[in-house]
Amino acid sequence: MYTLLNNNLNITENHLKILSLFSSGYNKSLYIREVNRMLEISPRTAQLILNDLETKGILESIMRGKIKTYTLRKNQMSKYYLTFVEVYKTTIFMDNNSLAREITGRILPLISGIGLIFGSYAKGDQRDGSDLDIFLAGHADTRKIREVSKTYGLDINLVVYPLEKYKSVIDKDILLKEILENHIAISNIDGFVSSVIENE
C-alpha cells in the first residue's frame, strides 16, 4: 500500500479543467482551439493535455477534415477520472458558495440517491432570491426539506425521480439533458458518473 502511495498521479489542474468541459453533457466533441478559447490556456498546452488524456484511454479522437476532435471514451478508467472531476467541480462550487454549502449540508441527511444542483446556481449566474434547484434520483424527506427552505428564506426547488425512472429516461428526458449540461453533483457522485457512462 505504501509503495503504491509513492507513485504520483500525473495530472494537473488543467487536466481537470479540460475534463470538466467534457463532463458538461458527457457528449461533447471538442477540438484544440475550442479548449484554448474556453479555458484561456495556450493551444500548445491544450494539445499536450488532450493527447495525454487520449494516451490514458480517457479520450478518443477522430479527424474531421483537417481538424482533430476529441470525445470521451466510455470505460472504467473514464469513470475513475470523471468521478474525480465531478468532486473537483463540487469542491470549487462549495468553496465559492457559502450559502449553498450550508443548505446542502442540512439537506444531505434528508436525501438518498443521486443528487445534483442545477439551474442558475450550477450555471454560476444566480442572484439574490434565486431558487436553489436540486434534482434527486431516489428519495427525500420533503417535509423536512421545506423546513430547511423556510429556515434560510430561500426557495428550494426539489425535483425527484424514482431511480429506475431516472435510469430509463436519462438520454430522453428534456430536463435531464439540461441538468447534465450544467450540474453540481452533491450526492452519490460515483453512482451518477456510472449512470451516465453506462447509459451511453
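Please report the antiparallel percentage of the DSSP beta bridges confined to the chain, to the nearest 5. If you can, show how the numbers build up before the last one.
Numbers: 19 of 25 bridges.
Just about 75 percent of them are antiparallel.
Using a 7 Å offset from the Cα along the Cα-to-Cβ direction at both R106 and K28, what is the distance between the two label points in nm, to one decimal?
3.4
For the chain, what is the Kirkwood estimate of the hydrodynamic radius, computed as the reciprocal of the mean inverse distance between distinct Cα atoms, to one decimal in Å? Walk me through the numbers before you get to the answer.
Working: mean 1/r = 0.0551 Å⁻¹.
Hydrodynamic radius (Kirkwood, Cα only) of the chain equals 18.1 Å.
According to a simple spin-label model (label point 7 Å from Cα along Cα-to-Cβ), what is the distance in nm between T12 and R127?
According to this spin-label approximation, the distance is 3.8 nm.
Work out which helices of the chain, taken as complete DSSP H runs, extend at least 30 Å along their axis over the Cα atoms and score a mean Kyte-Doolittle of -0.5 or more, then list them.
Details: long enough: 76-96 (31 Å, -0.12).
Helices meeting the span and hydropathy rule in the chain are 76-96.
To make sure I understand, if each residue's beta carbon is the centre and we count other beta carbons within 10 Å, what order do Y31, Y166 fall in, fewest to most?
Working: Y31 16, Y166 20.
So the residues, fewest neighbours to most, are Y31, Y166.
Which value in deg cm²/dmol, rounded to the nearest 500, describes the helix-derived mean residue ellipticity at 222 nm for the chain, given -39,500 (n - 2.57) per DSSP H run of n ≥ 4 and division by the residue count?
Values: 11 runs with 107 residues, N = 200.
Using -39500 (n - 2.57) per qualifying helix, the result is -15500 deg cm²/dmol.
If you put +1 on each Lys and Arg Cβ and -1 on each Asp and Glu Cβ, how big is the dipole of the range 80-199 around its Cα centre, in Debye rounded to 20? List each step's numbers first, then the result.
Details: 13 positive and 17 negative charges, 56 e Å.
With only Lys, Arg, Asp and Glu charged at Cβ, the dipole is about 260 debye.
Which FRET efficiency, nearest 0.05, do Q47 and K150 yield, Cβ-Cβ r, R0 41 Å?
On the way: r = 52 Å, r/R0 = 1.26.
Once rounded, the FRET efficiency stands at 0.20.
Let me know the charge dipole size of the chain about its Cα centre in debye, to the nearest 20, where only the beta-carbon of Lys, Arg (+1) and Asp, Glu (-1) is charged. Walk me through the numbers before you get to the answer.
On the way: 25 positive and 24 negative charges, 86 e Å.
Approximately 420 debye in magnitude.
What residue among G57, M77, G129 has its Cα farthest toward the positive end of the dipole of the chain, where the charges are +1 on Lys, Arg and -1 on Asp, Glu, each on the Cβ?
Sorting the options by dipole projection puts first G57.
Could you work out how far the C-alpha centroid of the range 124-161 sits from that of the range 6-58, in angstrom?
Centre-to-centre distance over Cα atoms comes out at 33 Å.
For the range 76-144, what is the charge dipole size about the Cα centre, in debye to the nearest 20, if Lys and Arg each add +1 at the Cβ and Asp and Glu each add -1 at the Cβ?
On the way: 8 positive and 8 negative charges, 35 e Å.
Dipole magnitude for the range 76-144 comes out near 160 debye.
Please tell me which of these pairs span more than 27 angstrom C-alpha to C-alpha: K74/K165; K79/K123; K17/K66; K56/K172; K66/K167?
Working: K74/K165 22 Å; K79/K123 23 Å; K17/K66 25 Å; K56/K172 30 Å; K66/K167 38 Å.
Result: K56/K172; K66/K167 exceed 27 Å.
L59's amide H: which non-local residues (gap 5+, or another chain) put their own amide H closer than 5 Å, with H modeled 1.01 Å from N in plane and none for Pro or chain starts?
Distant-sequence amide H within range of L59: E54, R73.
Out of Y31, N8, A46, whose Cα points farthest toward the positive end of the dipole of the range 2-72 (charges: +1 Lys, Arg; -1 Asp, Glu; placed on Cβ)?
Positive-most Cα among the choices belongs to Y31.
For a quick check: sort K89, K144 by the number of other beta carbons within 10 angstrom, fewest at the front.
With the fewest neighbours first, K89, K144 line up as K144, K89.
The numbers here are math on the coordinates, done by the rules we state, and not lab data. Please read these numbers as outputs of a predicted model, since none were measured by experiment. Neighbour counts are summed over all protein chains in view; Cβ atoms, including those assigned to glycine, are modelled from backbone coordinates with ideal geometry.
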